[in-house]
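Asks: My questions will all concern the structure given below.
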Amino acid sequence: MPQSRYLFAISCFQMNLLREAEAALSPANEPNSEVPNGAAGHYLLGLIYRYTSRRSSAVDHFTQALSIDPLLWAAYEELCILGAVGGASDYFSDVAASRIQQQYLSESSSHKISIGDEDRSIQSSRVLGLNDSSPKQPKNLHSNSIKEISNTHVVMAAGQAANSGSSNLSLYNTPSPVASQLSGIAPPPLCRNGFFNAVSCDGSSKPAANAAILAPRRKAMEEGRLRKVSGRLFSDSGPRRSTRLSGEATAGINSNASQAGGGTGTNHSSSSRFLGGFSSSSSKTSSAAFRTMTGRKGPSCISESFDEGRRKTEVFGDSCGEDASATMSSVAIFVDCRYLEEDKINLHAGGLSVHDSKLINGIRELLGLLRTLGEGYRFSCMHRSQEALEVYQKLSQNQYNTGWVLSQIGKAHFEMVDYFEAARFFDLARRVSPYSLEGMDIYSTILYHLKEEMKLSYLAQELISTDRLAPQAWCAMGNCYSLQKDHETALKNFQRAVHLDSRFAYAHTLSGHEYVALEDFENGIKCYQRALQVDERHYNSWYGLGVIYLRQEKFQFAEHHFRRAFFINPRSSVLMCYLGMSLHSLRRNEEALEMIEKAILADPKNPLPLYQKANILLSLERYDEALMNLDQLKECAPQETSVYALMGKIYKKLNMHEKAMFYFGLALDLKPPATDVAIIKSAMEKLYLPDEMGDSL
Amino acid sequence: MATESEGEEDAATAAGKLTGIPQLSVEDDLREMANKAAWSVSSCKPGNGVLSLRDDNLDTYWQSDGAQPHLVNIQFQKKVKLQLLVLYVDFKLDESYTPSKISIRAGDGFHNLKEIKTVELVKPVGWVHISLSGTDPRETFIHTFMLQLAVLSNHLNGRDTHIRQIKVYGPRPNPVPRQPFHFTSPEFITYSCLR
């Protein structure tokens with residue numbers, strides 16, 4: 001019963017019928033009923049609350065989900081996004097460790113017995129979807145995936161339930177990147193007992209594959225059929241991540257505990273599995289196929305350590321294999337199987353105690369890793385980028401060089417307005433995992449800022465060919481057009497991204513920017529507000545709204561919005577600058593200057609605050625200071641016409657006409673756009689006339 | 001409709017004879033301004049109405065159907081800066097329907113239009129670029145609510161006229177709001193806004 005409720009809820013959620021989904025998970029007339037499916041159910045409920053703007057309930061449920069299953073990274077991510085996380089160590093603590101351990105041990109005992117049954121049930125499900133509609137980036141590109149997702153959990157849950165009482169675990173999609181991606185390799189439905197299942201596998205999963213799965217992971221890679229799938233797979237969001245991460249984490253652990261087969265700490269599956277997979281992949285290295293993890297994995301042994309204990313098999317039917325061609329799109333199924341190798345089983349039988357200790361070690365290490373990653377992610381969500389960077393530095397080399405971590409680091413640099421570094425990191429991330437789409441929208445924005453047309457268009461093409469249905473790809477394409485000032489086409493592309501996933505806040509923000517460029521402020525405001533509905537902490541939308549109001553001369557509103565944006569991301573010098581500008585328009589010049597000073601300190605490379613400061617000083621008639629600042633600016637940006645024009649204006653005010661003429665001439669020599677030419681020339685003509693009212697210049 | 005104003009002194013600075021070029025060549029810092037404007041014509045033949053002037057299709061044309069001068073009125077919602085007017089005409093296809101003398105007027109409304117430019121076309125084929133600027137650098141743009149294009153006479157003394165497309169260009173707004181000047185160097189532009 002509870003499983004069907006959960007399935008129903010997932011289906012409703014996919015179709016955006018949030019009310020029904022909520023009713024299914026926590027019916028109004030039974031206030032004390034338990035949420036079905038434990039952690040996953042709480043997670044889904046949390047998502048529903050989040051999208052219906054009930055933040056505190058959402059936070060509650062995510063916390064509960066994490067307490068039931070500390071390895072549900074997706075829930076942790078959501079908490080970070082909502083800005084409600086205390087500290088990663090709270091969630092990935094020793095209490096969590098003992099909990100996992102318990103779950104593990106209880107499972108392992110019953111495991112052997114139920115293996116047979118489970119396999120069967122698992123097999124049937126085959127499709128495994130990712131943990132419920134990956135909230136953030138539902139890449140449910142295809143109906144298949146949706147089906148899969150809905151089916152999977154339920155089925156799995158059913159399977160699991162038999163097995164172990166509260167295995168929430170099954171719901172995690174522990175995608176092993178390996179599995180997914182690589183197409184061929186993929187391990188399609190690697191069921192838990194891959195071995196046993198080999199026989200039972202039917203349908204999509206290639207039975208043959210099963211057996212071969214372990215070893216041939218690599219081979220699969222070669223096939224590269226899943227390229228497309230892999231794209232999709234990667235785009236997957238959080239939930240997968242959890243498994244992935246656990247996988248990663250376990251990789252390390254794997255080496256210790258692999259032989260033991262159970263070693264892999266985390267219950268979710270994957271860990272060991274992944275690891276195994278990873279290792280293989282890593283050897284492959286092409287890394288391309290794999291998302292983050294792979295690269296790092298390093299040459300660990302392929303012997304996937306499987307842990308019998310693990311139950312949760314989310315079997316993800318992978319499209320790979322024969323089916324793959326057919327169901328390429330659906331792919332994203334990760335199979336989290338615990339597939340055990342024969343010997344493992346033997347081992348298992350014999351060495352339970354050994355297994356246990358490894359288990360404990362594994363859990364601890366995994367939690368340690370999750371703690372670090374969690375801290376880093378939390379900091380970057382709170383936009384404390386500097387601290388986030390420090391935390392990420394603590395990771396081991398292997399972990400550091402994965403796509404996910406590298407793109408998080410790139411994102412942190414981006415928030416600090418350090419575009420060159422950010423671009424460098426994203427480039428690395430792309431090299432490590434070329435098919436990962438997450439965070440690529442930010443990379444395209446960075447390239448837009450750096451005006452790298454070639455790279456941007458190349459990136460956009462690649463992303464689209466990787467995954468035509470991912471909003472990030474279309475965002476990149478739109479950025480490309482916007483860079484060439486073709487705002488209408490850019491807008492079309494962003495609208496496509498919005499259609500593909502209306503819960504992807506950045507697409508809305510970018511459409512807002514395009515509307516503003518086309519001077520359609522009304523629609524721009526609507527777009528920004530939609531973005532804020534999805535994610536209230538998306539400071540770009542607050543910034544966009546501020547800009548619109550600034551243009552419409554509604555300075556109070558502008559200041560309010562910039563301040564909100566600044567509150568969310570206090571490290572961006574551009575935001576500080578704009579806040580200063582709006583304060584200046586409100587004639588609160590002292591505060592404006594203060595804010596600008598902060599901006600200058602925050603990022604000495606940014607010329608904008610200096611320029612604004614000069615502007616403000618000019619209006620305050622502190623000409624000499626203004627000139628000093630402009631001189632400084634001259635050094636770092638000698639080709640900038642506005643600097644010379646402003647200097648000319650100041651000299652004109654000071655009645656030093658020759659200097660004024662000199663600077664105006666300089667400005668004109670640098671070929672400013674026509675409007676400026678008009679202004680400057682008329683200023684030159686009026687040079688010897690007294691200044692009229694206002695600042696005609 | 002519009003009263004023809006004298007403005008002879010302005011006509012004196014009218015451009016010389018224009019012939020039109022096959023390519024539309026507009027500078028990058030200009031953008032098309034009249035998408036949100038209200039377009040109207042003094043008369044038209046059914047099937048060849050004002051929509052043909054804005055459909056980006058050079059095969060469809062507007063054909064007038066009344067007495068000369070034939071007028072195309074463009075009314076904006078607020079005062080805008082305009083710099084360039086471009087129209088596509090084709091003598092080879094239209095012969096006696098091709099406009100020959102065109103007068104451009106600007107003002108706040110029908111009641112106070114003033115002629116700002118007169119041009120003469122000589123067997124034009126292609127896009128005819130008519131700059132709206134004056135000689136003074138301060139007059140690079142005209143600020144106006146309304147623009148009127150009057151076809152005073154056609155080639156070979158034709159009565160009605162064909163015009164295939166009209167576009168109006170003005171400067172781009174400064175992407176950074178409330179700035180006196182545009183930023184031109186990459187260092188500034190990179191940091192000038194968030195996205």
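All of the numbers you see were taken from the coordinates with simple rules; none came from a lab. Keep in mind it's a predicted model, so treat the numbers as computed, not measured. Here the Cβ is made from the backbone with ideal geometry for all residues, glycine too, and neighbour counts use every protein chain on show.
Asks: Taking 25 Å as R0, compute the FRET efficiency from the Cβ-Cβ separation of A:Val677 and B:Leu24 and round it to 0.05. Before the final figure, lay out the partial values.
Replies: Values: r = 23 Å, r/R0 = 0.91.
FRET efficiency, A:Val677 to B:Leu24: 0.65.
Asks: If I take all pairs of Cα atoms in the range B:87-141, what percentage of them are more than 13 Å from each other? Present the calculation step by step, with values, prior to reporting the outcome.
Replies: Working: 988 of 1485 pairs.
In whole percent, the share of Cα-Cα pairs in the range B:87-141 beyond 13 Å is 67.
Asks: Next question, about the same structure. Once amide H atoms are placed 1.01 Å from N in the peptide plane, what residues at a sequence separation of 5 or more from B:Ile130, or on another chain, have their amide H within under 5 Å of its amide H?
Replies: The list, which skips near neighbours in sequence, is B:Leu85, B:Val86, B:Leu87.
Asks: Listed here are the pairs A:Lys411/A:Lys492; A:Lys681/B:Lys117; A:Lys455/B:Lys78; A:Lys526/B:Lys36; A:Lys411/A:Lys598; which of them are more than 31 Å apart at the Cα?
Replies: Flagged as over cut-off: A:Lys455/B:Lys78.
Asks: Right, another one. Let a ≥ b ≥ c be the square roots of the eigenvalues of the Cα gyration tensor of the range A:481-568; is it rounded (a/c under 1.5), or, if not, prolate (a/b larger than b/c) or oblate? Working shown, then result.
Replies: Working: a/c = 2.27, a/b = 1.31, b/c = 1.73.
Because a/c hits 1.5 or more and a/b fails to exceed b/c, the range A:481-568 counts as oblate.
Asks: Could you put B:Cys44, A:Cys475, A:Cys636 in order, starting from the residue whose Cβ has the fewest other Cβ atoms within 10 Å?
Replies: Numbers: B:Cys44 20, A:Cys475 30, A:Cys636 16.
In order of increasing Cβ crowding within 10 Å: A:Cys636, B:Cys44, A:Cys475.
Asks: Give me, ordered by chain and number, the residues 5 or more places off B:Leu18 or on other chains with an amide H under 5 Å from its own placed amide H.
Replies: Under 5 Å from the amide H of B:Leu18: B:Glu120, B:Leu121, B:Val122.
Asks: Right, next: Can you tell which of B:Ala37, B:Pro180, B:Ile130 lies farthest toward the positive end of the dipole of chain B, using +1 and -1 charges on the Cβ of basic and acidic side chains (Lys, Arg; Asp, Glu)?
Replies: Result: B:Pro180, furthest along the dipole toward the positive end.
Asks: Given H placed on each backbone N at 1.01 Å, which residues far from B:Leu58 in sequence or on other chains put an amide H within less than 5 Å of it?
Replies: Here the answer is none, since no amide H 5 or more places off falls under 5 Å of that of B:Leu58.
Asks: When Cβ neighbours within 10 Å are restricted to other protein chains, what is their mean count per residue of peptide B:133-141? Please report the intermediate quantities before stating the final value.
Replies: On the way: counts 2, 0, 0, 4, 10, 7, 2, 7, 3.
For this peptide, the per-residue mean of nearby foreign Cβ atoms is 4.
Asks: Right, another one. So how strong a dipole does the range B:2-192 carry about its Cα centre when Lys and Arg Cβ are +1 and Asp and Glu Cβ are -1, to the nearest 20 debye?
Replies: Details: 20 positive and 23 negative charges, 76 e Å.
Here the size comes out at about 360 debye.
Asks: Pairs A:Lys394/A:Lys605; A:Lys649/B:Lys17; A:Lys485/A:Lys653; A:Lys659/B:Lys167: which exceed 32 Å Cα-Cα?
Replies: Numbers: A:Lys394/A:Lys605 27 Å; A:Lys649/B:Lys17 40 Å; A:Lys485/A:Lys653 36 Å; A:Lys659/B:Lys167 41 Å.
A:Lys649/B:Lys17; A:Lys485/A:Lys653; A:Lys659/B:Lys167, as the Cα separations exceed 32 Å there.
Asks: Taking the Cα centre of the range A:522-566 as origin, work out the dipole magnitude from +1 charges on Lys and Arg Cβ and -1 charges on Asp and Glu Cβ, in debye rounded to 20.
Replies: Values: 7 positive and 5 negative charges, 5 e Å.
Computed about the Cα centre, the dipole is about 20 debye.
Asks: Right, here's the next one. Which whole-Hz ³J(HN,Hα) couplings does the range A:553-566 yield from phi under the Karplus relation 6.51 cos²θ - 1.76 cosθ + 1.60, θ = phi - 60°, glycine and proline marked x?
Replies: For the range A:553-566, the Karplus-derived couplings read 6, 9, 5, 4, 4, 4, 4, 4, 5, 5, 5, 4, 4, 5 Hz, x marking Gly and Pro.
Asks: Next question. Could you please rank A:Tyr623, A:Tyr443, placing first whichever residue has the fewest other Cβ atoms within 10 Å of its Cβ?
Replies: Working: A:Tyr623 16, A:Tyr443 27.
Fewest-to-most ranking of A:Tyr623, A:Tyr443: A:Tyr623, A:Tyr443.
Asks: To the nearest 0.05, what FRET efficiency results for A:Glu390 and A:Leu17 with a Förster distance of 56 Å applied to their C-beta separation?
Replies: Details: r = 43 Å, r/R0 = 0.77.
It comes to 0.80.
Asks: Whole-Hz ³J(HN,Hα) for each residue in the range B:35-50, computed from phi via Karplus 6.51 cos²θ - 1.76 cosθ + 1.60 with θ = phi - 60°, x for glycine and proline: what do you get?
Replies: 3J(HN,Hα) across the range B:35-50, in whole Hz: 5, 9, 7, 9, 9, 8, 10, 6, 6, 7, 7, x, x, 10, x, 5.
Asks: Please compute, for peptide A:638-645, the average count of beta-carbon atoms on other protein chains lying within 10 Å of each residue's beta-carbon.
Replies: Values: counts 2, 5, 8, 6, 10, 5, 1, 3.
That average works out to 5.
Asks: Go ahead and run the numbers for FRET between A:Thr489 and A:Phe420, Cβ-Cβ distance against an R0 of 30 Å, rounding to 0.05. Numbers along the way, then the final one.
Replies: On the way: r = 28 Å, r/R0 = 0.94.
Taking R0 as 30 Å, the efficiency between A:Thr489 and A:Phe420 is 0.60.
Asks: Among A:Leu469, A:Ser511, A:Ala497, whose Cα projects farthest towards the positive end of the dipole of the range A:416-519, with charges put on the beta-carbon of Lys, Arg (+1) and Asp, Glu (-1)?
Replies: With unit charges placed on the Cβ atoms, the residue in question is A:Leu469.
Asks: To the nearest whole percent, what portion of all C-alpha pairs in chain B is separated by more than 25 angstrom?
Replies: Details: 6900 of 18915 pairs.
Summing the P(r) tail past 25 Å for chain B gives 36 percent.
Asks: Also, I was wondering about something else. Taking the mean number of other Cβ atoms within 10 Å as a proxy for protection, how do you rank B:117-130, A:56-69 from highest to lowest?
Replies: With the highest mean Cβ count within 10 Å placed first, the list reads A:56-69, B:117-130.
Asks: Explain nothing, just compute: Karplus ³J(HN,Hα) = 6.51 cos²θ - 1.76 cosθ + 1.60, θ = phi - 60°, for every residue of the range A:616-629 in order, whole Hz, x for Gly and Pro.
Replies: Computed from phi, the couplings for the range A:616-629 are 5, 4, 4, 5, 8, 6, 9, 5, 5, 4, 4, 5, 4, 4 Hz.
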